[in-house]
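Notes follow once the structure below has been shown.
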Amino acid sequence: MANHQVGAVVCALIAALLFAVAAVAQQHAAAAVPEDESLMRSLLRNPRWWGGIIGDAGGYAMQVAALTLGAVLLVQPILVSMLVFALPLSARINRRRITPRTWATAVALAAALAAFLIIGDPTEGNTNAPLRDWIPPLAALLGVLAVAVVVGLGTSDPTRRALLFGTAGGALFGLAAALTEYVTELFDGGLIHVLGSWQTWALVASGLTGLYLQQRAFQSGPLVASLPAVTIAEPLAAAFIGITVLDERLRTDHIGFAVITVAVIIMCATTIQLSRAQADA
């Protein structure tokens, strides 16, 4: 693995740690807000939630650094490791013990992630893809997310609502990640160049809307529904944009692709189990 890819991995792991701290703080703050109260108004008065926002800001800064060094397909899956960091934090706050089975699940997630990164060896893509390349995948992604939000607003089942809001919020974070590297490069041309790009405003809109939907998911239902949805949807959406728009690829043969497929399945399964364990912690 090249030096810049190693740097991307290190930055992504630091981002995952900071995101874990932020998630633990925000989960506790948002879950405490009753459904009949204004979510954002209550959160804005909560110091713990603001601590989570600071953690998110630091995590995002490290994510930007990682994305400048490596591909979206390399960086985003690593962020799933936030669950490994978040577990002991939640357990310590709530004074609960982490079971050996949960630790084994965390090890399985780390091993599957390592297999994906080493065997897949993702390539960097074309960050300045033209608008015509963005329109079909972006329309498809936003269409699915709009349906998820509408169904979530219309359902009376708290678990389903948390799942749908969490999926939409996580996917928007993934979209924001796919836009980040290009927007970062725009700063070389000055602030006017940044403000004049549609990608900048798409990044801001997806990030803010994703944050709101994430908090709604934490508020609406159990964390065993919202946290897996957020955690899994983000790298999947980022990978979708990375492959369909940015022309990123995995450098492997047919046997390697089979191993990667198994690794992704293990990552999804262990992410769900760890998310449930964290929700119970």
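The values are calculated or read from the model by the stated rules, or taken from the named source; none is laboratory data. Every value quoted in this text rests on a predicted model; they were computed, and no experiment measured them. Cβ sites come from the backbone with ideal geometry, for glycine too, and all protein chains shown count toward neighbours. Accessible surface is based on the protein model in full, side chains and every heavy atom, while ligands, DNA and RNA are left aside. Shrake-Rupley method; radii C 1.70, N 1.55, O 1.52, S 1.80 Å.
Here is how the numbers come out for the structure above:
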{"item": "Count of residues meeting criterion [part of a helix (DSSP H, G or I) and either within 16 Å of Ile232 (Cα to Cα) or without any contact (Cβ under 8 Å) to a residue 12 or more places away in the chain (or both)] in the stretch 88-104", "result": "6"}
{"item": "Which numbered condition Ile192 fails, given (1) of a type in the set (Val, Ile, Thr); (2) touching a Gly at 6+ places or on another chain (Cβ under 9 Å); (3) surrounded by fewer than 18 Cβ atoms within 10 Å (Cβ to Cβ)", "result": "(2)"}
{"item": "Filtered residues of the stretch 45-55 (kept if over 17 Å from Ala217 (Cα atoms) and either open to solvent by less than 100 Å² (accessible area, probe 1.4 Å) or more than 17 Å from the chain's Cα centre (by Cα) (or both))", "result": "Arg45, Asn46, Pro47, Arg48, Trp50, Gly51, Gly55"}
{"item": "Residues of the stretch 128-151 that turn out to be open to solvent by less than 30 Å² (accessible area, probe 1.4 Å) and in contact (Cβ under 8 Å) with a residue 24 or more places away in the chain, as a count", "result": "5"}
{"item": "Count - residues of the stretch 10-22 that are under 12 Å from the mean Cα position of the chain (by Cα) and open to solvent by 10 Å² or more (accessible area, probe 1.4 Å)", "result": "1"}
{"item": "Any hit, the stretch 214-221, residues being crowded, with 18+ Cβ neighbours inside 10 Å, assigned to a helix (DSSP H, G or I), of a type in the set (S, T, N, Q) and at pLDDT below 80", "result": "yes"}
{"item": "Leu73 vs. criteria of a type in the set (A, V, I, L, M), in contact with a helix residue (DSSP H, G or I) (Cβ under 7 Å, 6 or more places away or on another chain) and surrounded by fewer than 23 Cβ atoms within 10 Å (Cβ to Cβ)", "result": "no"}
{"item": "Test for Ala111: is it assigned to a helix (DSSP H, G or I), open to solvent by 40 Å² or more (accessible area, probe 1.4 Å) and either acidic (Asp, Glu) or farther than 30 Å from Leu186 by Cα (or both)", "result": "yes"}
{"item": "First in the stretch 202-219 and within 14 Å of Leu164 (Cβ to Cβ), second anywhere and among the β-branched types (Val, Ile, Thr) and in a helix (DSSP H, G or I), Cβ under 6 Å, 6 or more apart", "result": "Gln214/Val230"}
{"item": "Total residues in the stretch 107-118, condition farther than 14 Å from Gln76 by Cα and at pLDDT below 80", "result": "1"}
{"item": "Every pair of residues 6+ apart whose Cβ atoms lie under 9 Å, when the first sits in the stretch 244-263 and is closer than 30 Å to Leu131 by Cα while the second is part of a helix (DSSP H, G or I) and of a type in the set (Phe, Trp, Tyr)", "result": "Val245/Trp134; Leu246/Tyr182; Leu250/Phe116; Leu250/Phe257"}
{"item": "Qualifying residue in the stretch 11-24 (condition: assigned to a helix (DSSP H, G or I) and more than 21 Å from Ala91 (Cα to Cα))", "result": "yes"}
{"item": "Matching helices (runs of 4 or more DSSP H) fully within the stretch 125-202 where at least 1 residues are among the small types (Gly, Ala, Ser) and out of contact with any helix residue (DSSP H, G or I) (no Cβ under 9 Å at 6 or more places or on another chain)", "result": "131-154"}
{"item": "Checking Leu236 against (1) crowded, with 24+ Cβ neighbours inside 10 Å; (2) under 23 Å from Ser81 (Cα atoms); (3) not charged (D, E, K, R), the condition it does not meet", "result": "(1)"}
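Residue-by-condition table, conditions (1) assigned to a loop (DSSP other than H, G, I, E, B); (2) over 13 Å from the mean Cα position of the chain (by Cα):
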| site | (1), (2) |
| --- | --- |
| Asp36 | yes, yes |
| Leu43 | no, yes |
| Thr68 | no, yes |
| Met82 | no, no |
